Amino acid sequence: MMRQTVLLFGPPGAGKGTQAKRLSAFLRSPHVSTGDMFRDHQGRRSDLGLKVEQVLASGALVPDSLTNEMVRERLLRPDSALGVILDGFPRNVAQARWLTLSLQNRGFGVRCVLVIEVPRDQLEARLKGRALKEGRPDDADAKVITKRLDTYKAQTEACIGYYRTSGDPVHVIDGVGSIEDVESRIRDALGVAAV
């Protein structure tokens, strides 16, 4: 049973990547980020990377078929055998259904779903700051930021309802505060103590 599979949700700028990395070190499970996979392909200028670059520049989501295939390949790697922390996937209910079937077919399950919530004005400020600090062009344009946040609300939030009706544990985490404060809330939700 893939007991360590944790699904991490939250809008762009909520701190999913930061928290996933910390949780990965603690649980000793790989942090699987679709955003990182997309950026890796872009950096290598692969065919997929060029397609992803066009999509992300417009603020839209990468098509399910491409994303699902990348996730499937990543979950088949040996380091994923005991579990993963999925960050940025699934992004819509169709992907959530695909993931459920994919995990079930391998005898795996979901440990829990974590949803990091941050007020929209703070998300916009964080994304603009990240664009300057990390040089991420997808975070620099106000129209793209608005579209990404709207897309999250319209599509990804429906996944939370999907997992609630599926019976998987869903925990809403307040994402405002220091990195350590948010991490402490996540560990409380998971029922694991800080070291």
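Some points to look at:
- Scoring V118 on the criteria (1) over 19 Å from L7 (Cβ atoms); (2) among the β-branched types (V, I, T); (3) surrounded by 15 or more Cβ atoms within 10 Å (Cβ to Cβ) leaves a single failure, condition (1).
- Each residue in segment 63-91 was checked for being crowded, with 20+ Cβ neighbours inside 10 Å and either farther than 22 Å from G10 by Cβ or acidic (D, E) (or both), and 1 pass.
- Candidates in segment 24-52 are the residues that are acidic (D, E) and at pLDDT 80 or above; of these, the one that is farthest from L82 (Cα to Cα) is D47.
- Any hit, segment 58-81, residues being part of a helix (DSSP H, G or I) and at pLDDT below 80: yes
- Restricting attention to segment 17-36 and to residues that are among the aliphatic types (A, V, I, L, M) and either out of contact with any Leu (no Cβ under 9 Å at 6 or more places or on another chain) or surrounded by fewer than 22 Cβ atoms within 10 Å (Cβ to Cβ) (or both), the residue that is farthest from R136 (Cα to Cα) turns out to be L27.
- Options E134, E124, E117; residue that is acidic (D, E) and within 16 Å of the chain's Cα centre (by Cα): E117
- For segment 164-183, the candidate set comprises residues that are over 23 Å from R120 (Cα atoms) and in contact with a strand residue (DSSP E or B) (Cβ under 6 Å, 6 or more places away or on another chain); within that set, the residue that is surrounded by the most Cβ atoms within 10 Å (Cβ to Cβ) is D168.
The values are calculated or read from the model by the stated rules, or taken from the named source; none is laboratory data. In this text, all values refer to a predicted model and were calculated from it rather than measured experimentally. Glycine also receives a Cβ, built like all others from the backbone with ideal geometry; neighbour counts cover every protein chain displayed.
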